[in-house]
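Have a look at the structure below before the remarks.
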Amino acid sequence: MNDTVSAPVPTPLTARCGGPLRGRVRAPGDKSISHRALILAAMAVGESTVTGLLEGDDVLHTAAAMRALGAALTRGEDLIWRIHGVGVGGFTNPASPLDFGNSGTGCRLALGAVAGSPVTATFDGDASLRKRPMRRVLDPLERMGARVVAEGEGGRLPITLQGAADPMPIVYESPVPSAQLKSAVLLAGLAAPGETTVIESAASRDHTERMMKHFGARITSKPQGAHGRRITVQGQPELVAAKVVVPADPSSAAFPLVAALIVPESELILEAVMTNPLRTGLYATLREMGANIETLAKRDDGGEEVADLRVRFSALKGVEVPAERAPSMIDEYPVLAVAAAFAEGTTRMKGLQELRVKESDRLEATADLLRVNGVAVEIEGDDLIVHGKGRPAGGGEVTTHMDHRIAMAALVMGLASEHPVRIDDSAFIATSFPGFVELMRSLGTDLA
Ligand code: S3P
């Protein structure tokens, strides 16, 4: 891959206050589950099917990577993806570098998957992904026998990884509460003999564990300390092809949901939202703030809990969000900060250090998003403090820094602020929420 990464042409977009949001919609498939479904199906033997896959740019990059590593993937006219896997340890050398675009999840999980195969692959991505830390994943993978042949400055992309011919199982105490890091080690552990264990001090999303079980791996998860988990996978299983149904992504549903909470007279039903407790910290927090979110029709879908949610415009008040809750809502702080700006009183969101290494420095980008729209906001250490005073002025132009969630959060703000909010670039929204603009317009919002 070239050193010069061609960025897409920026497409600015403006959100302005219009009528209430009304309707019934389904957010696209969950991004975390979509990546994992493709990777585990590629490591299984036989034909797996995935229904409801998120066809956002991030996931499509993972699909292309799995293809380059030897798996066969096709998407039928019925929109079902069919994947013929190569078995654990069965990847082949890709002909060219693997491009993960904007996606930290795709890249870090694939690093883990490749670490346990005797292949050499180069990993790369866009300008945002090239700034993100990868050493945190490379360290345990090297302990397991993978070799880093080349890496960018500070352990960044592009990285060339030589997978281990004979990977070793490890016990790994994760220094950060990161599901990506945990998943990379567990995926590499699939190829190692014996037990690979990850200990995390705060439980992060458990989709890898659930899905490994679904594909036939033996994996256990036990509480560890006050908030943590000890997860052990038995290596060298025969992963068997499986059917995966991807539920709607709670992190994407959060945008229309918060829009309905802050635009007067709105009422919305969000269908089949995944309600895995390790993903729903935002929903708990909004309810504490006074949000009217009703859970309708709870059910089980493909090993995950889902529910339809009815949301109505609500008067919100400021709250304190504890640091322990951060892993269950790590992607939701930009949109929570927007809700907090419309609340009465101060909201303090604690322990947000991991936000600094997302698609952008999301702590700074979120604070800037609010500041340029007339909201009083402070960063104190790793805490974000928003002083809500009802309806903010808006009128700002938000720099999105190649970050889809900053882009969508800013547009949500513009739907209810006094003056329109403009974003410099809407292109990256397609990484996680293709069809966002159309879906929001179908609910009656003014995005142009
Ligand atoms: C993800 C984990 C989180 C999250 C990301 C998706 C995953 O990252 O921010 O959007 O699918 O495992 P970290 O694990 O680095 O916190």
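The values are calculated or read from the model by the stated rules, or taken from the named source; none is laboratory data. Note that the coordinates shown come from a computational prediction; the quantities given were computed from them, not determined experimentally. Please note: Cβ atoms are built from the backbone with ideal geometry, for glycine as well, and neighbour counts cover all protein chains shown. The accessibility values were calculated without ligands, DNA or RNA, using every heavy atom of the protein model including side chains. Shrake-Rupley method; radii C 1.70, N 1.55, O 1.52, S 1.80 Å.
Below, the figures for the structure above:
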read-out	value
Accessible area (Å², per residue) of region 60-114, counting only protein heavy atoms and a probe of 1.4 Å	36 Å²
Positive-end extreme of charge dipole, region 1-133 - chosen from Ser117, Ile33, Met66 (charges on Cβ)	Ile33
Rounded tilt (10° steps) of 250-262 against the dominant C-alpha axis of the chain	0 degrees
Charge sum, other residues only, whose C-beta stays under 12 Å from Ile269's C-beta, Lys/Arg counted +1 and Asp/Glu -1	+1
Protein-only accessible surface order, largest first, of His227, His387 at 1.4 Å	His227, His387
Given charges at beta-carbon only (K, R positive; D, E negative), |dipole| of the chain in Debye	600 debye
Derived scalar couplings ³J(HN,Hα) [region 170-179; Karplus, 6.51 cos²θ - 1.76 cosθ + 1.60; whole Hz; x for Gly, Pro]	9, 10, 10, 8, 6, x, 10, x, 10, 5
On Cα atoms only, tilt of 333-342 relative to the major axis of the chain in degrees	10 degrees
C-alpha long axis of helix 57-68 to longest principal axis of the chain, angle in °	10 degrees
Accessible surface, per residue, of region 317-448 when the full set of protein chains is kept, probe 1.4 Å, Å²	32 Å²
Cα-based Rg and Dmax for the chain, where Dmax is the largest Cα-Cα distance (Å)	21.1, 61
Calculated FRET value between Ile379 and Leu296, using beta carbons and R₀ = 35 Å, to 0.05	0.40
Amide H contacts of Asp383 (H built 1.01 Å from N, under 5 Å, at least 5 apart or other chain)	Gly351, Leu352
FRET efficiency, 1/(1 + (r/R0)^6) with R0 22 Å, evaluated for Ala72 and Thr120 via beta carbons	0.55
Estimated vicinal HN-Hα couplings, Hz - region 434-448 in sequence order (Karplus 6.51, -1.76, 1.60; Gly, Pro = x)	x, x, 4, 5, 5, 4, 5, 5, 5, 8, x, 8, 9, 10, 8
Potential lengthening between Gln224 and Asp424 on full extension [0.36 nm per residue; Cα-Cα distance subtracted]	67.6 nm
Pairs of lysine residues in the chain - Cα separation under 16 Å, sequence separation of 8 or more or cross-chain	7
Cβ-defined net charge surrounding Leu278, 13 Å radius [Lys, Arg +1; Asp, Glu -1]	-3
Equivalent-ellipsoid semi-axes of region 200-303, from the Cα gyration tensor, Å, largest first	32, 18, 9
The chain: relative contact order as a whole-number percent, Cα under 8 Å and 6+ apart	19 percent
Simple Cβ-charge dipole of region 274-369, Lys/Arg +1 and Asp/Glu -1, about Cα centre, in debye nearest 20	280 debye
Cα-based shape type of region 369-416, given that a ≥ b ≥ c are square roots of the gyration tensor eigenvalues and the cut on a/c is 1.5	oblate
Peptides 26-33, 283-290 ordered by average Cβ neighbours within 10 Å, highest first	26-33, 283-290
Whole-number D in µm² s⁻¹ for region 20-148, Kirkwood Cα-pair radius fed into Stokes-Einstein, 37 °C, 0.692 mPa s	214 µm²/s
Under Karplus coefficients 6.51, -1.76 and 1.60, residue-wise ³J(HN,Hα) of region 19-33 in Hz, glycine/proline x	x, x, 8, 9, x, 9, 9, 10, 5, x, x, 5, 5, 4, 5
Other-chain or far-sequence residues with amide H under 5 Å of Glu320's (modelled H)	Arg348
Long-range HN-HN contacts of Ser266 with modeled amide H, under 5 Å	Leu21, Phe313
Protection proxy ranking, peptides 361-374, 113-126, average beta carbon neighbours within 10 Å, highest first	113-126, 361-374
Environment charge at Ile80 (Cβ cut-off 14 Å; Lys +1, Arg +1, Asp -1, Glu -1)	-1
In region 89-179, GluC sites (Glu not before Pro) in a DSSP loop with at most 15 other beta-carbon atoms within 10 Å	Glu153
